[in-house]
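S.K.: Sharing a structure with you now.
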Amino acid sequence: MSREHDDELLWETVVLLKDQNLTENALALFKSLINRTFSTLNVPTNFLEELNIQPPTGETLSQIRSLDKEIYQALKSQDTLQAYKYLVDYIKEFSEVIPGSDQKEVMAKLLYTCCLNDTPNEILRPIHIEENEEFLTSTEAAEIIGVSDQTIRRWCEKGKYPDAFQTEGGHWRIPKKYLKISYKQARKRNSFEDRLDQFNMKVGEVSGDEYL
């Protein structure tokens, strides 16, 4: 069963519970879906606990549901910038269910939470949505190899990866077999290198071999 189908069922359940006046149940599921949307974008969600979220009106629920789908589709297409553009509209609609609040206040609390996060390099980095576990996006391949996304696309165009192909949206997909390490391993390596760089800036140059 696809993520899109699951989402449709969950949102329909919120509507059904609301129509049956099961307000508490509808609100609990609604909050869970809001939390998941922020988490999918790797946005800290602990600020949500401080908000007095109320059941949404039919119109607000419809708008949030629609934007939730747009965000997912943008991430699925690897259009991260567009996903965050939708997030701005999402926050605007979400603020409607918080009495005495507005989108600026919600955004401020979100940013404040991000600033307090202990891992700033991970803030606002969306969780990757796998379309096919045997292939990588050009962005992922670039991060693994340590080159730019543009370089990967140019290599694909020149036939460096024979089995690479473009989706209907024009996004390159590269078989994992051409990469020596996995995307997950590359993320861990890059995270370690970031921490090492930060440490070196504080105490002086240190060889990564000392930590291996």
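S.K.: Step by step: first the residues of segment 69-78, then only those that are surrounded by fewer than 19 Cβ atoms within 10 Å (Cβ to Cβ) and modelled with pLDDT under 85, then the one that is nearest to Leu41 (Cα to Cα). Which residue is that?
M.R.: If we take residues in segment 69-78 being surrounded by fewer than 19 Cβ atoms within 10 Å (Cβ to Cβ) and modelled with pLDDT under 85, then Lys76 is nearest to Leu41 (Cα to Cα).
S.K.: Among Leu27, Leu41, Leu9, which is out of contact with any Pro (no Cβ under 6 Å at 6 or more places or on another chain) and of a type outside the set (Val, Ile, Thr)?
M.R.: Criteria check complete, one pass: Leu9.
S.K.: Now for a different question. Restricting to segment 55-96, name every residue that is closer than 17 Å to Gly169 by Cβ, polar (S, T, N, Q) and assigned to a helix (DSSP H, G or I).
M.R.: Listed by number, the residues that qualify are Gln73, Thr80, Gln82.
S.K.: Hey, does segment 39-50 have a residue that's crowded, with 17+ Cβ neighbours inside 10 Å and of a type in the set (Asp, Glu)?
M.R.: no
Table: residues versus (1) at pLDDT below 85; (2) under 19 Å from Asp89 (Cβ atoms); (3) not assigned by TED's automatic domain parsing to the domain that holds Ser77.
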| position | (1), (2), (3) |
| --- | --- |
| Asp7 | yes, yes, no |
| Trp11 | no, yes, no |
| Ala26 | no, no, no |
| Leu29 | no, no, no |
| Ile34 | no, yes, no |
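S.K.: Against the definition (in contact with a His (Cβ under 8 Å, 6 or more places away or on another chain) and either polar (S, T, N, Q) or surrounded by fewer than 17 Cβ atoms within 10 Å (Cβ to Cβ) (or both)), how does Ser66 come out, yes or no?
M.R.: The answer is no for Ser66.
S.K.: With of a type in the set (A, V, I, L, M, F, W, C), loosely packed, with under 13 Cβ neighbours inside 10 Å, free of Cβ contacts under 8 Å to residues at least 40 places away in the same chain and at negative phi as the only criterion, which of Leu17, Leu81, Leu10 stands out?
M.R.: None of the others qualify; the one that does is Leu81.
S.K.: Right, another one. Within segment 29-54, track down each residue that is in a loop (DSSP other than H, G, I, E, B) and without any contact (Cβ under 8 Å) to a residue 24 or more places away in the chain.
M.R.: Thr45
The values are calculated or read from the model by the stated rules, or taken from the named source; none is laboratory data. Bear in mind the structure is a predicted one, so any value in this text is a computation, not a measurement. Every residue, glycine among them, receives a Cβ derived from its backbone with ideal geometry; neighbour counts consider all protein chains shown.
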